[in-house]
1. If a residue has to be at positive phi and touching a residue at least 12 places away in the same chain (Cβ under 8 Å) to count, how many in the range 102-124 make the cut?
2. Is it the case that some residue within the range 131-143 is touching a residue at least 40 places away in the same chain (Cβ under 8 Å) and part of a helix (DSSP H, G or I)?
3. So which of 84, 131, 68 is under 17 Å from residue 160 (Cβ atoms) and at pLDDT 95 or above?
4. Which residue, of 114, 129, is surrounded by fewer than 17 Cβ atoms within 10 Å (Cβ to Cβ) and in contact with a Pro (Cβ under 8 Å, 6 or more places away or on another chain)?
5. For the range 144-169, give me each residue that is among the acidic types (Asp, Glu), touching a residue at least 40 places away in the same chain (Cβ under 8 Å) and open to solvent by less than 60 Å² (accessible area, probe 1.4 Å).
6. Hey, among the residues in the range 44-63 that are of a type in the set (Gly, Ala, Ser) and farther than 27 Å from residue 166 by Cα, which one's surrounded by the most Cβ atoms within 10 Å (Cβ to Cβ)?
Amino acid sequence: VIWKSVEFQRTSYSREERKIQERAMKLNWHLPTEMGRVTQNPSYSHPALDITSPRGSNEIVFPVANGVISGIYRDNAGALIVTVLHRVNDEAYTSLYAHLSRYADGLYVGKPVTIHDSLGWMGSTGHATGVHLHLSVVDCALFDLNDYNCFDLNHFFYYIRARVENGHW
């Protein structure tokens, strides 16, 4: 993995974080921030990584891999969210970035993005306890009607929980 910055901090590596890191290394994922610390690991009730930064809402959020913007929206709780569809080793993955304080200029659904393009800034929109990035990456194509696991947000979140529950995160 080529990390965006050696400043990315972790206080310790849990067993779950090591599994995530090993999978990320195989798929060549990148960190979504220049600085940050994982504050919550995936679980059935919270199927995502939460990342905070000493920069707070000044921390820029980047895609974890090159891809195409597949969604830009505000959820029912008011969280600003961007989703990116990735094709890695001929497999579809969707990454979801939630609680953004604002979107990057020029984003639109269908826009190709690289790991160097800003998606927005870390924030606390929606039901958030503080400024952070809520990041989910799942092996499916969100908003693709042909992908039963993820053709809408309800299926996406159900599928994430099933993957976490079965130890495939």
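The values are calculated or read from the model by the stated rules, or taken from the named source; none is laboratory data. The shown structure was predicted, so the numbers you read here are calculated from the model rather than taken from an experiment. Every residue, glycine among them, receives a Cβ derived from its backbone with ideal geometry; neighbour counts consider all protein chains shown. The accessibility values were calculated without ligands, DNA or RNA, using every heavy atom of the protein model including side chains. Shrake-Rupley method; radii C 1.70, N 1.55, O 1.52, S 1.80 Å.
1. Taking the range 102-124 and keeping what is at positive phi, we get 106, 110, 120.
Then drop every residue that is not touching a residue at least 12 places away in the same chain (Cβ under 8 Å), which leaves 110, 120.
Here the count works out to 2.
2. Here is the first cut: in the range 131-143, the ones touching a residue at least 40 places away in the same chain (Cβ under 8 Å) are 131-143.
Adding the requirement that they be part of a helix (DSSP H, G or I) leaves none.
Checked against the condition, which is being touching a residue at least 40 places away in the same chain (Cβ under 8 Å) and part of a helix (DSSP H, G or I), the range 131-143 yields no hits at all.
3. Details: 131 fails: under 17 Å from residue 160 (Cβ atoms); 68 fails: under 17 Å from residue 160 (Cβ atoms).
When all the criteria are applied, what remains is 84.
4. After applying the criteria, what remains is 114.
5. Of everything in the range 144-169, those that are among the acidic types (Asp, Glu), touching a residue at least 40 places away in the same chain (Cβ under 8 Å) and open to solvent by less than 60 Å² (accessible area, probe 1.4 Å) turn out to be 144, 147.
6. 53
Table: residues versus (1) in a loop (DSSP other than H, G, I, E, B); (2) open to solvent by less than 40 Å² (accessible area, probe 1.4 Å); (3) in contact with a Pro (Cβ under 7 Å, 6 or more places away or on another chain).
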position: 29; (1), (2), (3): yes, yes, no
position: 33; (1), (2), (3): yes, yes, no
position: 42; (1), (2), (3): yes, yes, no
position: 65; (1), (2), (3): yes, yes, no
position: 78; (1), (2), (3): yes, yes, no
position: 83; (1), (2), (3): no, yes, no
position: 86; (1), (2), (3): no, yes, no
position: 95; (1), (2), (3): no, yes, yes
position: 107; (1), (2), (3): yes, yes, no
